[in-house]
Every structure is written in C-alpha cells, then in structure tokens.
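One structure is given here, and the rest of the page talks about it.
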Amino acid sequence: MRIDLHSHSTASDGTDSPTELMTKAAQAGLDVVAITDHDGTDGWAEAVGARPDGLTVVLGAEISCTYQDVLGERTNLHLLAYLLDATHPALVAQWQLLRESRSVRARRVVDRLAADGYPISWADVEAVADGAPIGRPHLGRVLVDAGVVPDVGAAFRDLLSVRQPYYLPKIDMDVFAAIRLVVDAGGVAVFAHPLARRRGPVVGDDVVAAMARAGLVGIEVRHPDHGPDERAHAARLAADLGLVVTGSSDYHGTNKTVQLGECTTEPTAYEQLFDRSTALRPVGD
Ligand code: AMP
Ligand code: ZN
Ligand code: FE
Ligand code: FE
C-alpha cells in the first residue's frame, strides 16, 4: 500500500486540477491520496468525481495557524485536517476570513514589489490564482512569468522569503483553537512539517506536547522539508506523545519539484488515524 496524505491542487496553490491530481496519483502507483488544499475544500467534489477505480481519496485541508507565546511572539505552523465536516459554520467563517486576509496581503505584497520596479501587477496574480485562496506560490508564478526569477523555488529563496520586506503575515488561526475546531467538526488533526526550519522559525517540543493535549492525533515525520535529523526528532516526539506518524509529499504540481508519493505513510498509521474520524470516511476504501 502506497499512501500519500498531503497534496495540493489548483483549489489552492498547486498546479494540477483536482482531476489531474487524481489521475497522477494513480499513475504514481498510489493506493491512497489525500487532497489537502490550503484553507478550503473547493477541490473536494471534483476530486471525488474524478477518482479512478482502486484509488482511495482522503478529503482534507491544510489550515494556516499561528502559535503565540507568552511574550506575544508568533510562529506560523500548518495543521492538516482530515475527514472533517466542511460545512461546520465556525470553520466556514474562519476560512472566509483567511481567504480575504490572503487576498489583501497578496495585493500589498504586489504593491511593494511593483513600487520597487518589479514588472508585475495584481491582475497577473488574480489570473494565476483563478479564484483560489491566494498564496505565495501564486506570486512566485507571476514573478517567473515576468522573468524576475527562473522558478518558484528561487522566488521563495529570495523575494518571497519570510526574511524579506516583501513578506507580510495573514490572519492565521490560533493553533489550539484550530485543533479544537477540527475535533468539533469530526475531523482528525495532524501537525504538518513541524520542523521545516528552512521555511522559517518552528515551535518547540513543549508546544507540540500542548497540541497533543488539545487533541492533535498525528505528526508528519517524513516530509521533503525534513532532513534525517528532523525526521528523527519528529519520530521521537511522536513516540513520547503517542502521536501517529505520517509521511507525505506535500505535492504542489510544478510549483515545487517534489513528486507524488515521494514520502509515504505506513498502512498501520493510516488505519490508526482514520479510525478516529467521525464526520467522513475515506472515499473508495
Ligand atoms: P503562504 O501560505 O501564502 O504564506 O505560502 C506558503 C505556501 O508556499 C505553502 O503552501 C508552502 O508549501 C509553499 N512553499 C513553501 N516553500 C516553497 C518553495 N520553496 N517552493 C514552492 N512553494 C513553497
Ligand atoms: Zn501550498
Ligand atoms: Fe504546509
Ligand atoms: Fe502543504
């Protein structure tokens, strides 16, 4: 069984439509794929409709969260939420807010870049995003199309990095509130790429322990942004805190170089995770 529990489509900042994502998952030899677009579930219906025979689809989303320490210092982190009731009113309201925040933020970033002479416009970004919640990979594509950078990865290393003046925060959700919301919506919460340091600061072990107490079920250990040390560290945390270990590619189509199935989840972990969902079941299981 080959199981990849984290991928993005054009319903957020991936480059494959949900239909293409399903086809490619089957071609990559996956038995199970999760569609986990950022802050929304707009790709779900198309993914289910396009599911090839023999492929199981886990419906999910990746929620942009923030942890605020006692001094008010914020750290961004991502939560994977699987098999949750997407019509939960508090969830819908939160995603609406986040979508708006993403849009206003991206517009400001474009203004700043354009003011500094980069030949890009808001219309370019809207065309690339095509209605999806706008993320930095969309800005990256526009920068590539304008000839500013060779690829989206280069944009992330330079202009779009959190360490640049072109980085702006968005209204991310408090991570503990998000975990409670996922649980309340009948879903299963997994901490995505907890130690992906090259993206920016990460939270300490004490925060992961507090997340586990709040209802976190699993932790992504095998992820392209985790090296051997991060994998060992995350695996230790999982053992200490009784969290289910997952592995996934975080595929984004051509916005990233990683391929579907590059990191995978063990079948036993898959069973443990989704025994707990109360709202939905994997489709095709
Ligand atoms: P945002 O949520 O708008 O701040 O953008 C973060 C998104 O960019 C996440 O989905 C990441 O997976 C994606 N991302 C992070 N690093 C890279 C990279 N090097 N190349 C392409 N996408 C990236
Ligand atoms: Zn993304
Ligand atoms: Fe993420
Ligand atoms: Fe992701």
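Read the figures in this text as sums done on the coordinates, not as results from a lab. All values reported here derive from a predicted model rather than from experimental measurement. When we count neighbours, we look across all protein chains shown, and the Cβ atoms used for this are built from the backbone with ideal geometry, even at glycine.
A few remarks follow.
- Within a Gaussian network of the chain (alpha carbon springs, distance under 10 Å), most fluctuating of A178, A209, A114: A114
- Counting only DSSP H runs of at least 4 residues, each contributing -39500 (n - 2.57), and dividing by the residue count of the chain, the helix-based mean residue ellipticity at 222 nm comes to -11500 deg cm²/dmol.
- Most positive-pole-ward Cα, P228, A185, S248, against dipole of region 181-250 from beta carbon charges: P228
- Per residue convex hull volume, Cα atoms of region 82-211, in Å³: 116 Å³
- Residues within the reach of a label modelled at R213 (point 7 angstrom out along Cα to beta-carbon, backbone nitrogen below 18 Å), restricted to region 51-71, are 67-71.
- Over region 19-81, relative contact order from alpha-carbon pairs under 8 Å, at least 6 apart, %: 32 percent
- Residue-span extension gain [D205 to D275] - 0.36 nm each, minus C-alpha spacing: 22.6 nm
- For T10, residues with placed amide H under 5 Å, excluding near neighbours: D16, S17
- Build a GNM of the chain with springs between Cα atoms under 10 Å apart, and of V32, V70, V182 the one that fluctuates most is V70.
- Here the spin labels are modelled as points 7 Å beyond Cα on the Cα-Cβ line, and at L71 and H233 they lie 1.9 nm apart.
- Calculated P(r) tail over 22 Å for region 131-285, as whole % of Cα pairs: 51 percent
- Put simply, the amide H of T66, placed in the peptide plane, has neighbours under 5 Å in L77, M173, D174, V175, leaving out anything fewer than 5 places away on its chain.
- Loop-located trypsin sites (Lys or Arg not before Pro) in region 1-77 (DSSP state not H, G, I, E or B) with no more than 15 neighbouring Cβ atoms inside 10 Å: R2.
- Between V244 and G218, I219, the built amide H atoms are under 5 Å apart, and every one of these is 5 or more places off in sequence or on another chain.
- Ordering L21, G135, G117 by Cα displacement along the dipole of region 1-152 toward the positive end leaves G117 in first place; charges were set at the Cβ atoms of Lys, Arg (+1) and Asp, Glu (-1).
- Three-way shape call for region 1-154 based on the alpha-carbon gyration tensor, with the a/c threshold at 1.5: oblate
- Mean silhouette area of the chain, derived from the convex hull of its C-alpha atoms and averaged over all directions, reads 13.8 nm².
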